[in-house]
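The block underneath contains the structure these notes are about, expressed in structure tokens.
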Amino acid sequence: MNDRLRLICDYMHYSCLPRLDRAQDKAAWYGNLLVDPDVPTFGTADTGAARVMAARILGEQVAARGIDRIRMGVTAGLDSRGLLGIALDVLGPDRIVAFTSGQPGNRDRELARYYTEAVLSEHSIVETQSGTYDTDAIVRAFSNRPPGFVGTLIGISKRTSTPVKNVGKLPSIAGYLGDAISGKRLHGRIHTDWQEACAAFVRKNDIYRPASKRVLASLLPAAYDPYHILPAKPFLPAELMGYDDQVDLCYRQHQRIRLSFKPYSPEEIGGHQPAAKLNLGKITIYDDPRIQKSYLQMPQEERLNQRFYKRMMLEQWPQIFRDLVSPDDPRWAPEPPPATQQEKLARSARSAGHTNWEMLWAENPNFNTFARTLMLSLAGRRLLHWLDPAGIVEELDRDPLGLGKIIVCLCSVELNIRAGRLPDAV
């Protein structure tokens, strides 16, 4: 397989272009952090210390930027609600503009207001299903990324009705790295063998694996080797940093997820964007070295299934984490199996960034035209010789259920080609 085709396959597997040299640089950063005696940490005995440190970090960022008001998206996720608790400590409820984006019926969206009703007077729900998708705008956004980084089709390009549109320029806050640092990405297991940790990482990060196998079992050719990005030996000793953390934090978090949360570092900018852009982007807390070191040095059992993280959230902000107090409440019960095809369609892909791509294809004419045009354009390029994008469009017209990941993958490949981020020929 030639290098240009491998780049496309890397994207179609990992939703980014992961590189060993970037991972090595990040591993060296962690190696230094974890032995630095001057970086303060909190322990697991006092959950209040974790809350105090998080509030101190946000307070520092608020003061440095001269911020007195923020906007934040609130979901049912732990990271999102934890950030809300921290923001309440620092700013108070009157200086937080909260909103939740998603589509009607999305379980995460529907529950979000319940979590905030005891602490916030205003919380807007933003319906995204009827939004519009602008190909040129997305290509421009992809083009503005630093060299060597790709983009992925996410959420909504433009909203037709946004209750928070008048505060769009307010700085926002994001839960980047919260799940990974607190242990969710361990998926309840610690691998003590490097090769097993790498295999688990490759398996878990096949991002676009089709939810329905009726069309394709995989979007990737048999000749593609997803392991080629990984080293034969660990970056760091296991006693310093677990193997699962090494691959996840140095590849997925640093090279795929981080680029969604600007500002870019000077190294990433590389003269590509004006220096002023370094001051833009979302505020993050969980990626602060003090919090990262605190969690990474915890006993492993405190991070498995986010044991300490959940305990801290529940003890410190019980009004926001009522589901952890009463897990048997009917609101948290699994939904009954769907009875009809329409119910299946309405539930499909609900966890994929709060966007139901299959329902968008079926019910949003703008998105249908947008996605159809991109996939047929990709078919005309004949780059993906092992796939038939035009045939996939025909299958989507018959029934889109279970094919949402395929839509996102193929559209994103074409958008990255147009933005000059992926090869346009092999």
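What follows draws every value from the coordinates through simple rules; no lab data is involved. Given the structure is predicted, the values throughout are model-derived calculations rather than measurements. Neighbour counts are summed over all protein chains in view; Cβ atoms, including those assigned to glycine, are modelled from backbone coordinates with ideal geometry.
What fraction of the DSSP beta bridges in the chain is antiparallel, stated in percent and rounded to the nearest 5?
Working: 1 of 13 bridges.
Around 10 percent of the beta bridges assigned by DSSP in the chain are antiparallel ones.
Calculate the length of the line joining the C-alpha centroid of the stretch 280-323 to that of the stretch 14-92, in whole Å.
Taking the Cα centre of the stretch 14-92 as reference, the centre of the stretch 280-323 is 9 Å away.
How much net charge surrounds residue 223 when only the other residues with a Cβ under 15 Å from the Cβ of residue 223 are counted, with Lys and Arg +1 and Asp and Glu -1? Don't jump to the answer; show the numbers that get you there.
Numbers: positive: 4, 6; negative: 3, 10, 225.
Net charge in that neighbourhood comes out at -1.
Of 425, 86, 112, which is farthest along the charge dipole of the chain in the positive direction, counting Lys and Arg as +1 and Asp and Glu as -1 at C-beta?
Among 425, 86, 112, the one farthest towards the positive end of the dipole of the chain is 425.
In nm, to one decimal, how far is the modelled label at residue 192 from the one at residue 290, with both set 7 Å along Cα→Cβ?
So the label points at residue 192 and residue 290 sit 3.5 nm apart.
Note the full-extension length gain between residue 60 and residue 19 as 0.36 nm times their separation in residues minus their Cα-Cα distance, in nm to one decimal. Walk me through the numbers on the way to the answer.
Details: separation 41, 0.36 × 41 = 14.76 nm, distance 3.27 nm.
Contour length minus Cα-Cα distance gives 11.5 nm.
From Cα pairs below 8 angstrom and at least 6 apart in sequence, can you work out the relative contact order of the chain, rounded to a whole percent?
Working: 594 pairs, mean separation 112.7, N = 426.
RCO, the chain: 26 percent.
Between the DSSP loop rule and a limit of at most 15 other Cβ atoms within 10 Å, which trypsin sites (Lys or Arg not before Pro) in the stretch 32-104 are left?
Working: sites: 51, 56, 65, 69, 71, 81, 95; in loops: 69.
In loop regions of the stretch 32-104 (DSSP not H, G, I, E or B), the sparsely surrounded trypsin sites (Lys or Arg not before Pro) are 69.
Please list, in chain and number order, the residues 5+ apart from residue 173 or on another chain whose amide H is under 5 Å from its amide H, with Hs placed from the backbone.
Answer set, sorted by chain and number: 71, 73, 283.
Mind pulling up the Rg/Rh value for the chain? Radius of gyration and Kirkwood radius, both on Cα.
Working: Rg = 21.7 Å, Rh = 23.0 Å.
The Rg/Rh ratio comes out at 0.95.
Can you tell me how much longer the chain between residue 213 and residue 3 gets when fully stretched, taken as 0.36 nm per residue apart minus their C-alpha distance, in nm with one decimal?
Working: separation 210, 0.36 × 210 = 75.60 nm, distance 2.83 nm.
72.8 nm is the gain from fully extending residue 213 to residue 3.
Taking 0.36 nm per residue of sequence separation and subtracting the Cα-Cα distance, how much length would be gained by fully extending the chain between residue 329 and residue 206, in nm to one decimal?
Extra length available between residue 329 and residue 206 comes to 40.9 nm.
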